[in-house]
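Student: Structure provided below as structure tokens; questions to follow.
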Amino acid sequence: MAQKRAKRQPADLHDLQLFDVLVKHGSSVPRAAKEWVERYRSNRDEATAELLTLLVKSTGSLDEVTAEDVEGGEVDEVVQNLALRITEESGIDPFTHRGVARTYLEHYRAFWDAAIREAAAQEVLFDARLPDRITNTVTALSCSPVRPFRYAGTVTAAQVVSSFVTVGVGLAEARDTAQYQQEQEGKKKGKAATDRAAALRRQVATLHHRAKELEQVIGVLFQGVFAHRFRDVDPRVRREVVSAIGSWASSCPSTFLSDSYLKYLAWAQSDAHPEVRSAAVAAIERLYQDSDNLPRLAEFTGRFKGRFVELMSDTDGGVAAAGLKLLGVLVKTKQLPLSDVRAAYQLLADEDEAVRKGAAGLVVQMLEEAGAEAQALAEREAAKAAAAAAKRGRGAAGKKGPKSPAPANGGPGEGASGSGIGGDSKESAQLEGLLLMMGRLAVGEDVDPSAAERRASLSGAAPVQPLSAGGVADLVGALAEELPLLNDAQLLVSALTDEAAAGRRGRLGNAHLAALVAAQIDRAAHQQLAGARRGRAATAASERAAQHQAGSVALMAALPKLLGSFQAEPEVAAPLVRSVRSLKLELFALRQQEAAYKALLDQVAGLFSRHTHDQLLSEAAATLVHCTKAGPAALQDPASRVLRATCASTAAKVSAAAAAVGRLSLSDLVEGVIALEEDLRTRGPSPPTRDAGGAGAPAVLHSLLAALQRARHLLSLEARELAAEQQMGKAIQRTL
């Protein structure tokens with residue numbers, strides 16, 4: 001029979017100094033505070049000396065304050081002597097010492113709070129002696145040239161004021177209750193009621209007097225400590241000041257939610273140290289989260305909203321993330337219009353994950369508005385196209401022919417959504433807004449992406465490239481928790497398969513939607529690999545597995561059609577091909593769809609053989625090799641057959657192209673290489689079109705380059721099937 005665990009006995013605090021209790025027996029802090037108040041009732045000077053010794057030892061000094069020091073009242077002289085002696089001999093600084101710093105600050109604050117509350121409950125706090133000694137000591141320490149003294153004094157003053165505020169709030173509530181009772185007793189008749197009313201009147205006066213005394217002590221501490229330490233050279237001290245003011249404004253807005261205190265929070269947003277700026281922004285955000293504070297903050301908002309908007313561009317990622325969170329609260333509470341924070345979407349591409357996540361909460365609020373803007377842009381483009389078509393029709397007057405078909409989905413002006421996921425739904429507006437923002441990120445400026453594409457086409461410049469796969473993955477990771485549609489692969493696939501919506505969306509929009517599909521299925525496939533654990537982690541893993549299953553089923557059905565529809569658009573096809581690697585491929589075997597699996601890989605191989613787009617070649621080669629080497633064992637045989645056929649075809653094309661180049665004369669070859677270099681600079685690696693009029697490099701050079709590119713992608717993935725092709729080696733030797 002297992003032996004019962006012995007009940008843990010409370011720590012023996014007898015003969016222990018308060019400093020030792022906080023360092024070694026943190027769980028006994030409430031009891032130590034209560035026992036100290038009892039000792040104060042018995043001997044005020046000794047107990048006060050004990051409390052001030054705790055404060056002194058917290059600075060790293062080994063000295064102690066005696067009852068004679070307390071009785072003499074020369075606090076400044078005591079602190080000066082301590083500062084002189086600490087340079088000769090000192091103990092540990094518990095706020096920074098590696099062994100105790102992790103818990104000491106928490107225990108220290110808890111002790112002061114418990115001691116002040118207990119002193120107030122036993123009515124020894126209001127003897128004027130204890131607040132006076134505490135105030136004088138912490139003020140003297142906070143003005144010391146010794147940095148640990150100033151920090152300890154500021155931390156203590158902050159906690160003392162916080163506890164005084166709490167006690168003051170309780171006194172005010174008790175005073176209001178007693179005043180109400182007094183008014184009720186005053187309405188009654190008889191001597192007993194008159195006596196009770198008089199007693200309550202005295203109680204109200206006492207409570208009011210005590211509350212005023214605490215307010216005066218708070219005022220003295222603020223002016224003596226915080227107004228000066230706000231400009232301290234130590235950022236730790238400045239951070240404590242800012243955090244304390246924010247805490248008081250949250251807990252007692254009637255007193256601290258005024259310009260006299262808020263100005264310090266506003267100024268601290270421009271502090272040189274990022275930790276101080278972060279503390280100020282976090283404090284301001286807490287104030288705006290309480291709707292009762294908003295009327296009092298109206299003037300403050302008007303004065304500093306410009307600075308609030310600037311915070312998201314802060315050089316420190318933590319401050320920028322905190323600023324974005326604040327802006328999200330301001331927008332949500334209607335204190336700031338969305339138009340003032342439009343630039344936040346650009347931060348979805350930031351390198352700092354905290355900034356991306358901070359921007360996500362703000363961007364989600366902007367998506368519906370951006371979606372409406374995208375729909376309006378699409379309708380204007382459709383109207384221009386219709387007007388141009390009508391003009392061409394009038395130019396061909398007299399010629400009869402069939403009527404033009406009506407535009408899909410009712411055409412512009414009839415509420416047609418560009419996303420293809422249904423009417424005027426919220427998800428449709430959000431998705432359309434997200435694609436518009438992604439387009440602007442790709443363009444690099446706040447303009448309509450379709451207009452930027454037209455401008456590039458007319459000027460002969462390179463087309464606008466979609467966001468990279470890594471950039472889209474970062475964007476999805478930042479937005480997924482705030483935007484549920486990014487966790488719904490079926491919805492995204494449905495939007496991409498809508499042909500009418502795809503036509504309105506354009507090349508760049510379709511490429512980004514395909515990238516979202518690929519990022520979603522990849523996220524579902526790999527984030528669940530953290531393993532099922534208890535509680536939330538197990539639930540999250542289960543949800544991710546369900547998303548992976550549903551997304552795989554949706555893509556398995558849709559990919560053949562999508563790859564066929566977008567086979568001429570490599571920017572769209574590339575992420576779709578990449579998504580194959582993240583599918584739950586064993587579903588093909590479980591559903592006995594081996595033929596469909598091989599047909600899908602044949603499509604991928606076809607894209608690999610026909611295109612010269614580098615990203616598409618890379619994704620197609622990686623997908624074929626992955627399915628052969630890392631796919632389910634039951635499906636590796638058909639995947640291997642497709643890869644071998646692709647390698648054989650690639651080797652044959654390299655051989656044929658090398659032979660054709662070998663037949664060129666030396667002069668033609670030299671001229672052709674020079675022209676090829678020019679073609680690559682202007683048009684990219686694609687062969688010239690038939691109407692090029694003979695300009696540019698010979699087609700055989702382009703063919704050889706394309707074949708070698710395909711071979712390079714396969715060989716870089718250790719596709720031994722290609723390396724084993726004999727004609728491949730011979731072709732390389734002939735080329736060299």
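Student: Pop out the ³J(HN,Hα) list for the stretch 273-285 in order, Karplus 6.51 cos²θ - 1.76 cosθ + 1.60 with θ = phi - 60°, rounded to Hz; leave Gly and Pro as x.
Tutor: After applying 6.51 cos²θ - 1.76 cosθ + 1.60, I find 9, x, 5, 5, 4, 4, 4, 5, 5, 5, 5, 5, 4 Hz.
Student: So how exposed is Arg610, as accessible area in Å² (1.4 Å probe, rounded to 10)?
Tutor: Roughly 140 Å² of Arg610 is accessible to a 1.4 Å probe.
Student: Given +1 on the Cβ of Lys and Arg, -1 on the Cβ of Asp and Glu, and no further charges, what dipole in debye does the stretch 427-583 carry about its Cα centre, rounded to the nearest 20?
Tutor: Working: 14 positive and 16 negative charges, 100 e Å.
For this selection, approximately 480 debye.
Student: Using amide H atoms built 1.01 Å from N in the peptide plane, name the residues 5+ places from Ser61, or on other chains, whose amide H lies under 5 Å from its own.
Tutor: Those lying under 5 Å, H to H, from Ser61 are Gly91.
Student: Run the 1.4 Å probe and let me know the accessible area of Cys627, rounded to the nearest 10 Å².
Tutor: 0 Å²
Student: Tell me, what is the per residue accessible area of the stretch 427-583 in Å², probe radius 1.4 Å? Kindly include the intermediate steps, with their values, before the conclusion.
Tutor: Working: 6270 Å² over 157 residues.
That works out to 40 Å² for each residue.
Student: Related question: Starting at the first residue of the stretch 43-53, write each ³J(HN,Hα) from the Karplus equation 6.51 cos²θ - 1.76 cosθ + 1.60 with θ = phi - 60°, in whole Hz, x for Gly and Pro.
Tutor: After applying 6.51 cos²θ - 1.76 cosθ + 1.60, I find 8, 5, 5, 4, 5, 5, 4, 5, 5, 5, 5 Hz.
Student: OK, next. How large is ³J(HN,Hα) for each residue in the stretch 661-666, as worked out from phi by the Karplus curve 6.51 cos²θ - 1.76 cosθ + 1.60 (θ = phi - 60°), to whole Hz, x for Gly and Pro?
Tutor: Per residue, the Karplus-derived 3J(HN,Hα) values read 5, x, 7, 6, 6, 4 Hz.
Student: Next question. Using a 1.4 Å probe on the protein chains only, how many percent of the accessible area of the stretch 427-583 belongs to carbon and sulfur? Before the final figure, lay out the partial values.
Tutor: Details: 3170 of 6270 Å².
Exposed carbon and sulfur together represent 51 percent of the surface.
Student: Let me ask another. With a ≥ b ≥ c the root eigenvalues of the C-alpha gyration tensor of the stretch 217-373, is it rounded (a/c under 1.5), prolate (a/b larger than b/c) or oblate? Please report the intermediate quantities before stating the final value.
Tutor: Details: a/c = 2.78, a/b = 1.58, b/c = 1.76.
In terms of gyration-tensor shape, oblate.
Student: Further question: To the nearest 10 Å², what's His626's accessible area with a 1.4 Å probe?
Tutor: 60 Å²
The values are calculated or read from the model by the stated rules, or taken from the named source; none is laboratory data. Computed from a prediction, not measured in an experiment: that's the story for all the values here. Glycine also receives a Cβ, built like all others from the backbone with ideal geometry; neighbour counts cover every protein chain displayed. With ligands, DNA and RNA removed, areas are computed over all heavy atoms of the protein, side chains included. Shrake-Rupley method; radii C 1.70, N 1.55, O 1.52, S 1.80 Å.
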